[in-house]
Structures are given as C-alpha cells and as structure tokens.
1. Return the loop-located GluC sites (Glu not before Pro) in the stretch 107-209 (DSSP other than H, G, I, E, B) with at most 11 other Cβ atoms within 10 Å of their own Cβ; answer none if there are none.
2. Tell me the trypsin sites (Lys or Arg not before Pro) within the stretch 103-168 that lie in a loop according to DSSP and have at most 10 other beta-carbon atoms within 10 Å.
3. Using per-residue counts of other Cβ atoms within 10 Å, averaged over each peptide, order 302-311, 274-283 from highest down.
Amino acid sequence: MNTMSKPKGWVKIWREIKRPVKQIGQAVYSLYAVKGACKKGLDAYFVPNNEDVYKNIDCLEFTITSKCNYACEYCVAKLGKNKNQDMIHASDKTIENFKIVLSKIKKNSRVKITGGEPIIHPKFFETAKEVVKNGHRLVVGTNFSLPNHHFEQVIDAIEDGEFRVIASLHLSQVESVDSFVNKVISLKKYGQSKITISVVSVVTEENYEILKGAKEKLALEGVKLSFQHLKTNDGDFVEYAPHIMQHFPEKHISKRLKGFKSYGTICAAGYRFLKIRASGNVSRCFSEHKNLYDLGNINNLCQPLRIPLPCLASKCTCLLPINNGLIDFENCDLELANEIDSINDNCPFQSPRITANDQ
C-alpha cells in the first residue's frame, strides 16, 4: 500500500516551472557575466575617469547642430544610414559643457565647429568666440549663407589666434555664384591676417565648367577653391573623367584612400582627436560600429583612449584625422585589432558609456 501523500499544490507548480526558471536565471547570469567581462576588457583602453581625461586632446570637431537651412541633393547627412537621424541643436547644457572641454584640452588645439549648418544655432557665435578666448585655432565649416557681419564679430574677438573659414559653395542653393564669390572676397579683405578663408564645392560632370570659372576668379584674390569628391550612398568616391581628376592633388583624400584597407592601421583618433555630436555624445571618429568608438558624453562621463589604437573600420573616410596626421599609414597591428574585435563581438549590448542624451 502506498502511504505517500500527494504533493501540495504549490509543490506541484514549482516542479513544473523549476526548469524554465533555472534556464532564465542562467541566461541572465551569463548576460551580466559577459557584459562585465566586456567592460573590463574594454576599460583597459580608456583613460580612467579619475585622471585628467582631456590631457592628450589637441583636435576636436563639434557638431553644434545637425539642422541645416539648405537641402543639397548630395548631402551625406541625409543619405544612407544617416537619413533617419533626428536633426537637433546642441542644448544649452551641451554648449556649457563644451566650453569646459575647451578649457581642459591642450592649448592651441585645432577646434572645428560644424553641422548641419553651424551658424543657424542660436549660440554659434558665442561658442566660436569661446574657442578663440581659450587660445585655440578655430575652424568653421559653413555654407556661408548668413551676412558677413556675423563672421566679423568673431574676427573682432581675435587678439592672437587663428580663424579659418571653410565656405561650401552649393550651386543649387545660392542666389548666384558671383554673389557668393564677392561675399568671400569681402570677408577676406575685412579679416586680413586674422582670417584664412577657402572654398570647397562638390564637383560633377554637369557643374564642372561653372566651378572652374569660380575657382579662377577666387584665385585672383588669393582664395583657394578646392573640388570635393562626390560620394555614393555607401560612402565610396565616384569616378570622374581625367579632365576633372587633374584638379585633385595626389595627397587628396580620395586618392590617398583609393584601395586602402584601414582595418588594423594605428590611429590617434580617440586619443588626440574627439568627435562631439549635438547630443553631447563623443566618438573616436566618424565610425559608429564598435563599442570602442563610443567614448561617452560630455554632459556625463567622457573617457578618451589611453593610447593610439587600431582602426576597426574596413574603410576609412575620416577627413579631419587624415589631414591632421593622426593616421599612421605605415603601422598596422592586425593582432591587436582582432583582439579588440573579439571583445566587441562578445558584447551583446551598446556601450555603457553612452549614458546621457539631454535633448
């Protein structure tokens, strides 16, 4: 005779759910264990937050806004993977924290303010003056659509420094090429030795002759117009006929990077250079595909890299780091790149350093 009593209701329920509960627990434990291991593995490459985190930085690019008052048909910010991103101004909080960053990076650093169109941000000129006051070299990338007296305010604030304007000529957006050219020449004469101004414009087979004429007219006044290489949605440079390619010098980025595989190449981006977005988020450069490229947010915690590290992108198109000599084209460490990549591949989460978005 079986004298064992039947299990009580809750015992029976427990027996039925014990296995799935255990499996869920193991999965959660594994996730946090991997996350902890990844963070520990990656942290070795970042400046500890108890140190002067900006001590090695001598080059910045700040996207003060992602908004623009133009609608250029070839704009990379509105094509491909960027087309669905929110267009925002940097908040007052981000602007104030950017000013703090300016006071902590190396003196005489190269600081570029860009957009979108930077001059439409309500605090653009206030921020530009702050760059100059902190003893840095100011570079502004602009479509040059506002009246010159706004730029003259910045020039007047310069006592001993450098102010460089890179004016983009967008033929489909300007009233006329002659008015744009005359405006550039007028600002150059006003600023004299305090300002360096150059013009860039995306060249196509259709607009080549127009740009060639503008280039010749500006050259007579000592202003350089450089052709910009049109890109496809995938970030590749389009092919031009020989009569256009002759205008691109051998050191032009489109020629230097043709066929170049950047993966593993040692680069000082993230160590000497930071890309700060309108949200305050900081990245190593213009790639966003790896946890190692997320360096935090200036409104909360920013941790640059401790040393120059390998590029983890298969194709580099980072104009500013290349032109400032941050990429060591002769030095490649595939072993270290693969080691860092293996840490990234085992991390099923976005970098914990992107923790603040004050928009």
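1. GLU159, GLU175, GLU206
2. LYS107
3. 274-283, 302-311
Readers should treat all values here as calculations from the given coordinates under stated rules, not as data from a laboratory. Just so we're clear, the structure is a prediction, and the values are computed from it rather than from any experiment. As a convention, Cβ positions derive from the backbone with ideal geometry for all residues, glycine included, and neighbour counts pool all protein chains shown.
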